[in-house]
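Below is one structure; the comments refer to it alone.
Computed from the coordinates by the stated procedures, all read-outs in this text should not be read as laboratory data. This one's a predicted model, so the numbers in the text were calculated from it and none came from an experiment. Positions of Cβ are backbone-derived with ideal geometry, glycine not excepted, and every protein chain shown enters the neighbour counts.
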Amino acid sequence: MKNLSVLVSGALLMLALASCKESNVNPVQPVVTETVRDLAADPVRIDPATGRPLGGTNRFTLYSLRENRIIANSDSATNKWDIGFRGTMLIVNGGAIRSGQGGAFIFTGLFDELKEIPATAEFRTDQSPTNLAIPNASGQGWYNYNPQSNTITPIPGRVIVLRTGDGKFAKMEILSYYKGAPAVPTQTSESRHYTFRFSFQPDGSRKF
């Protein structure tokens with residue numbers, strides 16, 4: 001009986017240790033899709049007398065996809081932020097003029113269909129204020145400009161794939177450039193307010 005008791009006690013101890021070991025393993029963090037609404041990107045107002053924009057600061061709104069929040073401009077020289085917004089211009093936290101590990105490329109296809117970043121994907125970086133990873137020109141990056149209506153609209157089927165400031169991966173789709181995300185923006189719609197959705201992969205893999 002004594003030997004049996006020892007065996008039972010040993011088995012229970014091993015189960016307890018195994019249970020403790022399993023509880024210490026970090027759970028897998030699921031990839032979730034978040035939607036950000038009306039993110040201000042250095043908004044301006046138009047002088048009715050001259051038609052010129054007024055009130056801009058010329059600063060980018062820096063954003064962390066990991067933390068899903070705005071990062072202060074005082075942290076612009078860190079890897080805390082991933083993407084910056086100012087007017088139609090988007091910057092990434094990587095390249096010759098940045099301090100992070102970031103990069104980006106434009107994927108042509110549907111947001112939900114992008115399940116994994118191709119191994120052959122080439123991430124561009126910001127090399128200068130005029131040589132950016134995400135082109136800031138109508139039809140070349142994320143948007144089209146309509147000179148007749150003077151409006152900016154996201155190009156359907158364009159997904160921005162990002163390597164974040166700390167070397168992780170995310171995908172992002174811009175849904176609107178106007179406050180309130182009107183279905184059909186007009187010249188009077190308040191611009192420089194982004195609505196977008198994104199998925200961030202916290203484990204460092206390329207899978208979503």
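Overview of values
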{"item": "Inter-centroid distance (Cα atoms) of the range 75-116 relative to the range 169-208, Å", "result": "13 Å"}
{"item": "Relative contact order [Cα under 8 Å, 6+ residues apart], the range 31-201, whole percent", "result": "26 percent"}
{"item": "Karplus 3J(HN,Hα) series, Hz, for the range 121-135 with 6.51 cos²θ - 1.76 cosθ + 1.60 (x for Gly, Pro)", "result": "4, 10, 7, 8, 10, 7, 9, 6, x, 10, 10, 10, 4, 9, x"}
{"item": "Amide H partners (placed H, <5 Å) of Leu175, local residues excluded", "result": "Thr195, Phe196, Arg197"}
{"item": "Gyration tensor (alpha-carbon) shape descriptor, the range 87-152, a/c threshold 1.5", "result": "oblate"}
{"item": "Formal net charge of residues neighbouring Glu173 (Cβ-Cβ distance under 11 Å; K, R +1; D, E -1)", "result": "+2"}
{"item": "Cα-based Rg and Dmax for the range 62-208, where Dmax is the largest Cα-Cα distance (Å)", "result": "14.9, 45"}
{"item": "Hits among aspartates and glutamates - C-alpha to C-alpha of Lys168 under 20 Å, sequence gap 8 or more where chains match", "result": "Glu34, Glu67, Asp75, Asp82, Asp112, Glu113, Glu116, Glu122, Asp126, Asp203"}
